[in-house]
Structure formats: C-alpha cells, structure tokens
Amino acid sequence: MLAQTIPLSLYIHIPWCVKKCPYCDFNSHENLGALPENAYVEALLFDLEGQKALIGQRTIQTIFIGGGTPSLFRPESLETLLKGVRSRVSVADDAEITLEANPGTAEASKFNRYREIGVTRLSIGIQSFDSDILQKIGRIHDGREAIAAAEMAKTAGFSEFNLDLMFGLPGQTETLALNDIETAIGLHPTHLSFYQLTLEPNTVFHKYPPVLPHEEDTWAIQELGQSRLRQAGFQQYEVSAYAQAGSRCRHNLNYWQFGDYLGIGAGAHGKITLSDTGDILRTQRLKQPASYMQAALEETSLGSASQVHRDEMAFEFLMNGLRLREGFEIRHFKPRTGWEMAQLEPTLSGLVKEDLLERTPTHIRCTDHGFNFLDSILQHFLPPSC
Ligand SMILES: C[S@@+](CC[C@H](N)C(=O)[O-])C[C@H]1O[C@@H](n2cnc3c(N)ncnc32)[C@H](O)[C@@H]1O
Ligand code: SF4
C-alpha cells in the first residue's frame with residue numbers, strides 16, 4: 001500500500017458553543033465566558049507537532065475547522081493557527097480550507113477577516129429559517145439572523161459556502177420544510193447539507209423526545225426536498241450532501257473515499273495509513289478541552305491510537321464509499337484496504353443480482369433502489385468478528 005498516493009486532510013476541532021443544542025452529540029461544551037483561545041491554539045499546534053511524524057513528507061490537501069462553533073474564535077487566533085500549521089507541515093497552495101460558523105455568532109467583519117486569513121469556504125449551521133422551529137430545537141439564532149449570515153458570507157466574497165439544513169424537526173410541516181429549501185436556494189449557496197434530525201443517545205432530545213412529524217411526512221419532505229434541490233441544479237452526491245457542479249466539499253469527499261486525515265483538537269479523530277506497513281492507524285484525542293489543554297501544557301500524551309484490524313478495512317472502506325451516489329472507484333479499493341476486489345465475492349455479485357448494487361467500468365455504487373437500503377447492504381460485508 002502506498003500511503004503517499006492516498007490524499008491527506010487535516011481536521012481541527014474547536015469544542016465550544018454559546019449554548020448546547022438539545023439534539024447535539026458532538027464534542028461541544030457550553031461556554032459563555034472568555035475562551036482560552038491562545039492556550040488552545042498552542043495546544044493544537046503542539047498536537048500537530050506530535051503527530052506530524054505519522055505523515056512524513058505528505059502534503060495536506062484540505063483543512064476543516066469544525067466544532068463546536070469555530071466562528072467564536074477571533075480571526076487573529078485562527079490566523080496564528082493556520083500560520084502555525086503551514087510552518088509545521090506542507091499544505092497545498094490550492095488547499096480547501098473550511099470553517100464552520102453559526103448564524104448566532106456571525107459578524108460581517110469576522111467573515112471578511114476569515115477570508116483574508118485564507119479560509120476558502122464557510123459552512124453555516126442554519127438548520128431552519130423558521131424562528132418558531134429554531135426556538136423548539138434550542139437554537140440561539142432566529143430566521144432573520146440565518147438569512148443575514150448567508151448574505152454576509154456572500155458580501156465577504158466567499159464564492160464557496162455551505163448551508164446546513166435539518167428536516168423532520170418538531171412542528172415542521174411539508175410546507176415549512178419546503179419554505180426552508182426555497183429560502184436556502186434563494187441565497188445561492190454552492191453546497192447544501194440536508195440532514196434528517198436523529199435523536200442521539202446522551203442528548204436532551206433523547207431523554208425528553210419532542211413530538212416529531214410522522215415518519216411518512218418526514219419521508220415526503222425528504223423526497224420533495226431532493227427533487228426541488230435537483231431542479232435548482234444541486235446534485236446529491238452523498239446521503240445528505242448536495243452541490244452545484246464543481247462545488248463538492250473536497251474535505252468530506254476525502255473521508256468518504258477512505259482517504260487519510262490527521263485530527264487535532266479535543267476529541268478529534270484521525271485516520272492515517274502507515275507508509276512502512278500499509279496498516280491503518282485510528283487516533284483519538286482527549287475529549288475534555290481542559291484535560292486536552294493541560295496535557296499539552298505538561299507535554300504529555302494528548303490521546304490514544306489503535307490499529308484497524310486487516311479484516312475490518314474493507315468494511316470501513318465500503319461503509320464510507322457506498323454513501324457516495326457515484327459509489328467508490330474500483331482502483332482505490334486495493335491501495336486503501338490491502339484487499340483484492342475478488343475477496344468481496346460472492347457477496348458483491350449477489351447484491352448486484354438483487355438490484356441493490358451496480359458496477360460501471362470504474363465504480364461500484366448503490367442502485368437508486370439500493371441507496372434506500374444502505375445499512376442492510378453493509379450488513380452483508382461485516383467482518384466475521386462482528
Ligand atoms: C458539527 S455540527 C456543527 C455546526 C454548527 N455548530 C451549528 O450547529 O450550526 C454540523 C451539523 O450537523 C447537523 N446535526 C447536528 N446534530 C444533528 C442531529 N442530531 N441530527 C441531524 N443533524 C444534526 C447540523 O445540521 C449541524 O449544522
Ligand atoms: S451549535 Fe452546533 S456544535 Fe454547538 S451544540 Fe449546537 S449543534 Fe452542537
């Protein structure tokens with residue numbers, strides 16, 4: 001396996017939010033006071049320094065600063081961070097650099113500065129434009145601020161920006177959901193993420209479930225939303241991701257194509273193919289921001305790493321690759337898993353016969369029908385140990 005041929009990304013986690021949303025199971029912590037921005041940026045750079053031996057001379061193609069709410073950080077802090085990254089590892093001149101932003105913390109001047117320091121793409125967590133629904137899901141912004149945030153991204157000169165929308169929300173009717181889509185389309189983002197609300201364990205909504213639309217209504221919202229987005233020129237390229245031509249998120253694509261990524265920051269995950277053995281290492285950083293920063297200060301270990309068992313590599317590859325509408329490239333399978341395609345037989349041919357998967361000369365992908373049954377397709381490829 002030639003690790004050098006596998007694209008490399010960098011994920012940077014900023015773990016704070018103004019308020020914890022009741023549906024959110026991301027590693028995000030409420031913080032109303034001053035953020036320890038300098039100490040955290042130092043910890044991030046110490047973390048990168050410690051992990052850079054894993055990537056040798058490889059060049060980072062994309063950076064994603066996610067959260068939490070990274071837009072809570074001052075542009076100056078993120079500038080120090082990005083400069084620190086570039087001085088420690090090689091970053092491609094045309095790297096895609098995405099920053100997640102919340103409408104509640106959006107300020108036009110900040111967006112301008114983010115672009116000046118090298119951020120190339122904003123991803124804004126809109127969720128809905130309906131103020132009543134936003135309140136029901138515990139957001140700190142209203143519909144007006146959501147629209148303003150998207151407009152500010154344009155005014156600041158971001159030619160690439162994503163809006164996150166959720167559907168199947170409490171109190172959401174078909175009409176309200178379609179209004180959200182229509183408003184989003186009218187703001188001309190180049191990318192839209194359209195997620196169905198899930199009630200995740202260890203969240204407030206899991207403990208005290210809100211009344212949600214009926215399953216059939218949520219299904220109808222998804223179908224109608226998809227077709228309206230298609231009409232407006234957005235191609236669905238992954239389960240929840242839609243993009244105008246040429247605007248797919250390169251960072252997320254690299255995850256789904258089973259590329260490599262370093263993960264720095266509290267709770268961040270990474271996946272790196274080792275150049276000497278071809279084994280895959282999964283890394284995880286300490287979850288609590290305070291413990292993470294303390295460990296950096298004391299220059300001790302910031303997390304743990306474990307090797308992916310060879311038997312599991314193909315399953316992990318398929319779990320990512322089949323989320324893509326175009327499926328995975330057959331030529332990527334062997335270099336990224338160490339498996340021969342023949343080892344997927346006879347399961348693969350069986351699923352093709354059942355009209356759940358299809359092959360093209362270059363790709364293997366779900367059929368239109370199979371795309372609705374992704375989880376059950378993947379069950380067929382589970383490694384024997386699971
Ligand atoms: C990492 S979150 C953070 C983005 C940003 N902090 C925000 O909330 O605006 C990325 C996106 O995941 C989606 N998301 C988070 N929790 C979800 C859930 N339980 N179900 C569906 N989508 C969810 C939301 O659309 C959110 O914008
Ligand atoms: S703002 Fe985003 S990351 Fe923060 S709690 Fe809400 S959904 Fe989670």
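The values are calculated or read from the model by the stated rules, or taken from the named source; none is laboratory data. Everything numeric in this text was worked out from a predicted model, so none of it was measured. Neighbour counts are summed over all protein chains in view; Cβ atoms, including those assigned to glycine, are modelled from backbone coordinates with ideal geometry.
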Tally, over the range 139-166, of residues that are over 19 Å from the mean Cα position of the chain (by Cα), crowded, with 17+ Cβ neighbours inside 10 Å, over 19 Å from I117 (Cβ atoms) and within 16 Å of ligand 2 (Cβ to nearest atom): 5
Scope the range 133-159; condition hydrophobic (A, V, I, L, M, F, W, C) and either farther than 24 Å from V204 by Cβ or not in a helix (DSSP H, G or I) (or both); matching residues: I137, I140, I147, A148, A149, A150, M152, A153, A156, F158
Long-range neighbours under 8 Å by Cβ, at least six apart or interchain, first residue over 23 Å from A241 (Cβ atoms) within the range 114-141, second part of a strand (DSSP E or B) and more than 14 Å from ligand 2 (Cβ to nearest atom): G118/I97
Members of the range 89-111 that are among the polar types (S, T, N, Q), modelled with pLDDT under 95 and more than 16 Å from ligand 1 (Cβ to nearest atom): S109
Of residues in the range 184-217 being under 30 Å from M152 (Cα atoms) and among the hydrophobic types (A, V, I, L, M, F, W, C), the one surrounded by the most Cβ atoms within 10 Å (Cβ to Cβ): A184
Filter result for the condition that a residue is over 25 Å from A43 (Cα atoms) and either within 16 Å of ligand 2 (Cβ to nearest atom) or surrounded by fewer than 22 Cβ atoms within 10 Å (Cβ to Cβ) (or both), over L99, L134, L72: L134
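Considering only the range 135-167, how many residues are of a type outside the set (G, A, S) and within 10 Å of ligand 1 (Cβ to nearest atom)?
Residues flagged as of a type outside the set (G, A, S) and within 10 Å of ligand 1 (Cβ to nearest atom) within the range 135-167 amount to 10.
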Matching option when the condition is charged (D, E, K, R) and touching a Pro at 6+ places or on another chain (Cβ under 6 Å), among E299, E329, E312, E358: E312
Of residues in the range 20-61 being out of contact with any strand residue (DSSP E or B) (no Cβ under 6 Å at 6 or more places or on another chain), of a type in the set (D, E, K, R) and under 21 Å from I97 (Cα atoms), the one nearest to ligand 2 (Cβ to nearest atom): E37
Sole residue being acidic (D, E) and in contact with a strand residue (DSSP E or B) (Cβ under 6 Å, 6 or more places away or on another chain), chosen from E216, E238, E174: E238
Selected residue (criterion: nearest to A268 (Cα to Cα)) from residues of the range 28-43 that are out of contact with any helix residue (DSSP H, G or I) (no Cβ under 6 Å at 6 or more places or on another chain) and of a type in the set (D, E): E42
Count of the range 269-280 residues which are part of a strand (DSSP E or B) and among the hydrophobic types (A, V, I, L, M, F, W, C): 2
Hits in the range 23-37 (condition: of a type in the set (A, V, I, L, M, F, W, C) and away from ligand 1 (no atom under 14 Å from the Cβ)): L32, A34, L35
Contacts under 7 angstrom Cβ, first residue in the range 207-227 being closer than 24 Å to G138 by Cα and β-branched (V, I, T), partner modelled with pLDDT of 95 or more and in a loop (DSSP other than H, G, I, E, B), 6 or more apart: V211/P170; T218/G168; I221/G168
